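What follows is a short report on a single structure.
Every read-out reported here was derived from the displayed coordinates using simple, explicitly stated rules and does not represent laboratory data. In this text the structure is predicted, and so the values were computed from the model without any measurement. Positions of Cβ are generated from backbone atoms using ideal geometry, with glycine treated the same way; all protein chains shown enter the neighbour counts.
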Amino acid sequence: MNLRSAQWYAGQDRNAYIHRAWMRRGVPGEAFDGRPQIAIANTASDLTPCNAHLTEVAASVRNGVYEAGGIPLELPVVSLGETQVRPTAMLWRNMAAMATEEMLRANPIDGVVLLGGCDKTIPSLLMAAASVDLPAVVVPGGPMLTGTFRGAPLGCGTDVWKLSEEVRAGSLTQEDFTRSESSMIRSRGHCNTMGTASTMALVAEALGTVVPGVAGTPAPDSRLLEAAHDTGRLAVEMVSADRRPGGFLNKASFHNAIVALAAIGGSTNAVVHLLAIAGRLGVELSLDDFDRIGSRVPVLVDLQPAGRFLMDDFHRAGGLLAVLREVRDLLDENALTVTGKPLVDYLDDAPIWDPEVIRIRSAPLVPEGGIAVLRGNLAPDGAVIKPAAASPHLLRHRGRALVFDSIEDFHARIDDPDLDVDADSVLVLRGCGPKGYPGMPEVSNMPLPKKLLAQGVRDMVRVCDGRMSGTAYGTVVLHVAPEAAAGGPLALLRTGDIVSLDVGARRIDAEVPAEEWEARTPDEATVTAYASPRRGWERLYVDHVLQADTGADLDFLVGSSGSEVSRESH
Ligand code: FES
Ligand code: MG
């Protein structure tokens, strides 16, 4: 076999000597004799607490790689802690993807095991792997165990929103709210709701990039380490078989990922991430594919934020494969996985062990799940809404817009007792797209005005060019494209305009006469709220980021450069 790493290690010249000599440090002498060099791209970091345990997972991957005759090489890569990183982890997703891509390409490796967990880490790793196109397989770090508070389970994220609304509404004391803090994060692992981390792990498996059956294994579960060991072995096999992302990921894989996303009731963030990954692979995937393929798929998983349970329950109930077995007829049976076998081959023996958590097809949690893609004069290039997380009575709604130009503007005014707002108002937040903030933060699920909460209002129509946390819920129209800061018409909306939402008709419009609408220009306050970074990554990002409807990647990162490096190291 002609290994890529042989370009560094083979031969007797001075360069090969240098490459080998510096890498020896105790590895067996035959390490450079044509044994596959397997990188373990590790996003473990103390500042990404959801991924901190991945170094232990990496140790199991190592064992598997050695066992199969490969050489494991741990490669720490840029890691993003969703709850810590400012101004939003999404600003750094493309940077992490670019840095990982370049380090995979620059180094003498033949394949890679990708260790991720927290929201942006699996997407950035997959974007990188797609662009380098070396054999690659993901081990998702897995969710935390269920925490409990006052005798009831606590779901990460979702219950933070719920409890904080309770404090705002006066039904929970500040002391009890603080007390719940230490109960929520019970173990290692990522958020245990069907938020973005859980969603991306499961979607990565549906896509074919995880060994089927592994995603969703809780982080402290011994079976995760067993799976990591097996995956290490598989990575070596993938190099022998030359099984690369560009070879087995295609439109059929994304079709299955979209069906899975809908059936699990997954995070809206997956839309942006899947579009970005597809863009790296050159797979023609559009926003409309999400609506066309996913919007009529039933939600079968009763997990927070849409439902009741948490990831530990989901795994116990049979996990992703049990879900996919229920919707097998909707899957593309040609789509292959990292193992070389089709995804559907893993569904014969995938029972549901708890039909409360994973519903059978005929008794879904929501009959039609997925993502609805809206268009209209407010979102000519599209916007998304997750109807399963919305209030049915608001899916068709007209109301007066109350417009905010930044999240700070929103916080400054929303609880003003004199604010002219009622339950029918439509809260609009703009300047929160990829360019405007920058980085497309999770702000779309704006908290409701205190005075309306006190009246018992629990949901309102909200419209935003940003994203929302996968653990959030509500009637939220998000990812409006183009964003206000990229010349999108959302910038033209004024407080008091009537906004009409009709999810059935897939429309989001401002009811302003066309002539007047076209004659409008954005106010100065609107424009000055947009980010205008001077230097560094933010400058590069704002100059090159694409809009949400194509995945918010950087224009020059779309596509693949492959694994070729033409020049020797000097
Ligand atoms: Fe890391 Fe939720 S904060 S997965
Ligand atoms: Mg998040």
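Below is a table of values for the structure above.
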item	result
Ile508 being touching a strand residue (DSSP E or B) at 6+ places or on another chain (Cβ under 7 Å), of a type outside the set (Ser, Thr, Tyr) and surrounded by fewer than 17 Cβ atoms within 10 Å (Cβ to Cβ)	no
Where a residue in region 49-72 is at positive phi and its partner, wherever it lies, is in a helix (DSSP H, G or I) and surrounded by 20 or more Cβ atoms within 10 Å (Cβ to Cβ), with Cβ under 9 Å and at least six apart	Gly69/Val236
The listed residue being charged (D, E, K, R), touching a Leu at 6+ places or on another chain (Cβ under 9 Å) and free of Cβ contacts under 8 Å to residues at least 40 places away in the same chain, out of Arg35, Arg14, Arg24	Arg35
Enumeration of residues in region 189-228 that are within 11 Å of ligand 1 (Cβ to nearest atom) and outside any helix (DSSP H, G or I)	Gly189, His190, Cys191, Asn192, Thr193, Gly195, Ala219
Filtered residue count, region 428-447, keeping only those that are under 13 Å from Leu490 (Cβ atoms) and either within 16 Å of ligand 1 (Cβ to nearest atom) or not β-branched (Val, Ile, Thr) (or both)	8
Any hit, region 451-467, residues being under 24 Å from Asp418 (Cβ atoms), within 16 Å of ligand 2 (Cβ to nearest atom) and either touching a His at 6+ places or on another chain (Cβ under 8 Å) or of a type in the set (Val, Ile, Thr) (or both)	no
Residue match in region 186-203 (condition: more than 21 Å from Asp302 (Cα to Cα), buried (at least 17 other Cβ atoms within 10 Å of the Cβ) and of a type in the set (A, V, I, L, M))	no
Test: residue in region 89-109 that is farther than 23 Å from Gly195 by Cβ and basic (Lys, Arg)	yes
Among (1) in a loop (DSSP other than H, G, I, E, B); (2) surrounded by fewer than 23 Cβ atoms within 10 Å (Cβ to Cβ) - the single one Ile109 does not satisfy	(2)
Output for region 328-343, where each listed residue is outside any strand (DSSP E or B), under 25 Å from the mean Cα position of the chain (by Cα) and either crowded, with 19+ Cβ neighbours inside 10 Å or acidic (Asp, Glu) (or both)	Leu330, Leu331, Asp332, Glu333, Ala335, Thr337, Val338, Thr339, Leu343
Pick from region 365-384, criterion touching a strand residue (DSSP E or B) at 6+ places or on another chain (Cβ under 6 Å) and under 12 Å from Ala263 (Cα atoms), ranking: surrounded by the most Cβ atoms within 10 Å (Cβ to Cβ)	Gly369
Evaluation of Cys118 against (1) part of a helix (DSSP H, G or I); (2) under 15 Å from the mean Cα position of the chain (by Cα); (3) within 16 Å of ligand 2 (Cβ to nearest atom) (one fails), failing number	(1)
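Residue-by-condition table, conditions (1) part of a helix (DSSP H, G or I); (2) among the charged types (D, E, K, R); (3) surrounded by 24 or more Cβ atoms within 10 Å (Cβ to Cβ):
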| site | (1), (2), (3) |
| --- | --- |
| Glu237 | yes, yes, no |
| Gly247 | yes, no, no |
| Asn256 | yes, no, yes |
| Gly265 | no, no, yes |
| Val271 | yes, no, yes |
| Asp289 | yes, yes, no |
